[in-house]
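Down below is the structure, laid out as structure tokens.
The values are calculated or read from the model by the stated rules, or taken from the named source; none is laboratory data. Predicted, not measured: the structure shown is a model, and the values here were computed from it. Quick note on the areas: whole protein, heavy atoms, side chains included, nothing else; ligands and nucleic acids left out. Shrake-Rupley method; radii C 1.70, N 1.55, O 1.52, S 1.80 Å.
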Amino acid sequence: MDDSTPTGAALAALLSGDAPLFPELDAARRDLAALRASPRMAALLPRTAPRLASLDALPRTTYSRYQAFRRTGDREPYETPYFRKREHLHAAALHLFLGREDLRDAVQDALWDICDESTWVIPAHARVIDLMAAETGLGLAEVLALIGDRLDGEVRHRVRGAIDRRLFAPFLHSQYDLRWFNGDDNWNGVCAGALGATFLHLERDPDRLTRAIELVLESLRTFPATAFAEDGSSSEGVGYWHYGLTHVIVFAEM
């Protein structure tokens with residue numbers, strides 16, 4: 001992302017193409033048996049299967065759990081069910097994609113429940129858009145991309161509306177007020193990368209999409225310039241090095 005990064009009309013022209021975001025997904029849809037038999041899926045399915053046993057009891061992200069951090073500084077009471085709920089959703093969505101039609105309602109209930117949350121920002125962060133909100137938006141967008149044609153229109157509409165209200169609108173209107181927009185740590189890579197990918201999945205207005213991707217590219221200029229030392233390491237450690245870069249790579253690949 002140097003001075004040759006496309007902007008304006010050049011970027012709009014690139015975004016107007018009809019190339020699929022993930023050609024591999026189209027190939028997978030045509031041969032689900034081959035996908036199931038792949039080494040990666042053979043390892044992933046047993047890891048996700050235990051989540052399916054408790055789908056009827058989604059973890060609860062209650063007000064009292066949300067307040068626990070403010071009262072005691074303990075992040076676990078809210079964050080544990082918050083993340084488990086999303087793990088339930090993604091496990092069920094994967095198995096539904098692979099043919100478990102009985103999981104359709106479980107996926108829709110999880111999507112609906114996540115949209116019911118008053119905020120996707122965890123209490124320890126208390127920002128307009130944090131790491132977890134950006135990740136949630138991308139995760140929901142990926143579910144729609146994977147199995148959207150099997151979901152009720154009302155559910156798809158609500159997910160899109162929640163993402164637009166909680167992520168797209170604040171980013172487009174107040175991006176320079178976001179701490180991570182020009183931040184020098186993993187937040188920049190995670191938030192900008194995840195938002196960029198989510199816009200590519202869901203935004204249908206070409207002018208709005210062009211503006212969003214232009215801003216994402218502007219934000220991500222900061223990441224390679226400031227988030228790494230001369231030797232490529234990160235002062236935040238290898239876990240955050242991987243965490244930030246993963247989201248940039250997802251967006252860049254799309």
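Some observations on this one:
- Helical contribution to [θ] at 222 nm, DSSP H n ≥ 4, -39,500 (n - 2.57), averaged over the chain, rounded to 500: -19000 deg cm²/dmol
- Prolate/oblate/rounded label for segment 1-124 (Cα gyration tensor, a/c 1.5): oblate
- Global form of segment 180-245, assessed from the alpha-carbon gyration tensor, a/c cut-off 1.5: prolate
- Exposure rank, largest accessible area first [VAL250, VAL128; 1.4 Å]: VAL128, VAL250
- Rounded if a/c under 1.5, otherwise prolate or oblate - segment 1-64, Cα gyration tensor axes: oblate
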